[in-house]
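*Asks:* Take a look at the following structure, please.
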Amino acid sequence: MSDAVKAKVALVTGGSRGIGRAIALELASRGYLVGVNYRSSQKEAEDLVRSIRDAGGTAQAYGGDVSDPAQVASLCGAMEKELGPISILVNNAGITRDAPLVRMKDEMWDQVLRTNLNSLFYCIRHVVRSMAKQRWGRIINLSSVVGIMGNPGQANYSAAKAGVLGLTKSVAREYAPRGITVNAVAPGFILTDMTSVLSESIREEYLKNVPLGFPGTPEDVAKTVAFLASEDAKYITGQVLHVDGGMVM
């Protein structure tokens, strides 16, 4: 483990599957101590932790719904006790509850906003205190191209992901004097369980809007997150990195 990475503890919310899983694997491969948060996918989280440990890394799984501030405090407290102060936070947890606007129920709106936006606030509020004491921290928030472009049937998801950008910039300005960088990553069309269920015709339609002409992978996003967590990105804060093949160019 390099001196720059030594003892760095990273929390990845929603880390058991998809992009979160790739991020956890990438950070662990670079020597970080990784806390894998999950809400319901306990087996997947434990399998991931086992894979990281088998490869020589350090990881632990932490169950908890990050849309609940009490559970955030509990899981972060357990992680800090076992692995040490959290110096890298990757806010990745997210859900979709898609519907046309007039058919979108209140609970569909509320669930997506709580998980995709409120949870970031709760997690950041908890970890930023210890980061400020260390005068070093990395906060990386997962947004989406949908938060920039909008998307029919995803008013809740788009609003939440747009909110992530405002939150990112505000916290970046507030905590830059404490040595904490805060950035967002906005993935485009990425091959995950969510996109694998789409029909071939729908996938082809999406790819028409991608200048590079092919979908991204969770690993593409993970490497971008790892860069932002590293010392190589020490002079980058308040930014949004698009991992989208040029979709919103």
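*Asks:* Kindly indicate whether V164 is in contact with a Phe, Trp or Tyr (Cβ under 7 Å, 6 or more places away or on another chain), surrounded by 22 or more Cβ atoms within 10 Å (Cβ to Cβ) and part of a helix (DSSP H, G or I).
*Replies:* Spelling it out, it is not the case that V164 is in contact with a Phe, Trp or Tyr (Cβ under 7 Å, 6 or more places away or on another chain), surrounded by 22 or more Cβ atoms within 10 Å (Cβ to Cβ) and part of a helix (DSSP H, G or I).
*Asks:* Only one of S119, S144 is in contact (Cβ under 8 Å) with a residue 60 or more places away in the chain and either farther than 24 Å from M79 by Cα or of a type in the set (G, A, S) (or both). Can you tell me which?
*Replies:* Criteria check complete, one pass: S119.
*Asks:* Scan region 63-74 and report the pairs whose first residue is farther than 17 Å from I95 by Cα and free of Cβ contacts under 8 Å to residues at least 40 places away in the same chain and whose second residue is open to solvent by less than 40 Å² (accessible area, probe 1.4 Å) and part of a helix (DSSP H, G or I), with Cβ atoms within less than 9 Å and a gap of 6+ or a chain change.
*Replies:* Here the result reads none, with nothing in region 63-74 linked to a residue that is open to solvent by less than 40 Å² (accessible area, probe 1.4 Å) and part of a helix (DSSP H, G or I).
*Asks:* Hey, another quick one. In region 172-181, is there at least one residue being touching a helix residue (DSSP H, G or I) at 6+ places or on another chain (Cβ under 9 Å), open to solvent by 20 Å² or more (accessible area, probe 1.4 Å) and within 19 Å of E26 (Cβ to Cβ)?
*Replies:* No, region 172-181 contains no residue that is touching a helix residue (DSSP H, G or I) at 6+ places or on another chain (Cβ under 9 Å), open to solvent by 20 Å² or more (accessible area, probe 1.4 Å) and within 19 Å of E26 (Cβ to Cβ).
*Asks:* Mind listing whichever residues of region 110-149 are in contact with a strand residue (DSSP E or B) (Cβ under 8 Å, 6 or more places away or on another chain), part of a helix (DSSP H, G or I) and among the β-branched types (V, I, T)?
*Replies:* If the condition is that a residue be in contact with a strand residue (DSSP E or B) (Cβ under 8 Å, 6 or more places away or on another chain), part of a helix (DSSP H, G or I) and among the β-branched types (V, I, T), then I124, V127, V128, I148 are the ones that fit.
*Asks:* Go over the candidates L89, L25 one by one and state the one that is out of contact with any Gly (no Cβ under 8 Å at 6 or more places or on another chain) and under 22 Å from P218 (Cβ atoms).
*Replies:* Sole residue among the options that is out of contact with any Gly (no Cβ under 8 Å at 6 or more places or on another chain) and under 22 Å from P218 (Cβ atoms): L25.
*Asks:* Would you say G166 is free of Cβ contacts under 8 Å to residues at least 24 places away in the same chain and more than 17 Å from the chain's Cα centre (by Cα)?
*Replies:* no
*Asks:* Could I ask something else about it? Which residue, of A99, A93, A70, is surrounded by fewer than 19 Cβ atoms within 10 Å (Cβ to Cβ) and in a loop (DSSP other than H, G, I, E, B)?
*Replies:* Criteria check complete, one pass: A99.
*Asks:* Also: Which count do you get for residues in region 136-161 that are of a type in the set (G, A, S) and crowded, with 22+ Cβ neighbours inside 10 Å?
*Replies:* 5
*Asks:* What are the pairs, 6+ residues apart or on separate chains, where a residue within region 8-24 that is touching a residue at least 60 places away in the same chain (Cβ under 8 Å) and in a helix (DSSP H, G or I) has its Cβ under 9 Å from a residue that is open to solvent by 30 Å² or more (accessible area, probe 1.4 Å) and among the aliphatic types (A, V, I, L, M)?
*Replies:* Listed by first residue and then by second, the contacts come to G18/M194.
*Asks:* Over 28 Å from E231 (Cα atoms) and touching a Pro at 6+ places or on another chain (Cβ under 9 Å): does that describe L101?
*Replies:* yes
*Asks:* For region 216-249, give me each residue that is part of a loop (DSSP other than H, G, I, E, B) and either open to solvent by less than 30 Å² (accessible area, probe 1.4 Å) or under 21 Å from V171 (Cβ atoms) (or both).
*Replies:* Result: S230, K234, Y235, I236, T237, G238, Q239, D244, G245, G246.
*Asks:* Hey, can you tell me all the residues within region 41-61 that are of a type in the set (S, T, N, Q) and either open to solvent by less than 60 Å² (accessible area, probe 1.4 Å) or farther than 11 Å from R17 by Cα (or both)?
*Replies:* S41, S51, T58, Q60
The values are calculated or read from the model by the stated rules, or taken from the named source; none is laboratory data. None of the values given here were measured: they were computed from a predicted structure. As a convention, Cβ positions derive from the backbone with ideal geometry for all residues, glycine included, and neighbour counts pool all protein chains shown. Accessible surface is based on the protein model in full, side chains and every heavy atom, while ligands, DNA and RNA are left aside. Shrake-Rupley method; radii C 1.70, N 1.55, O 1.52, S 1.80 Å.
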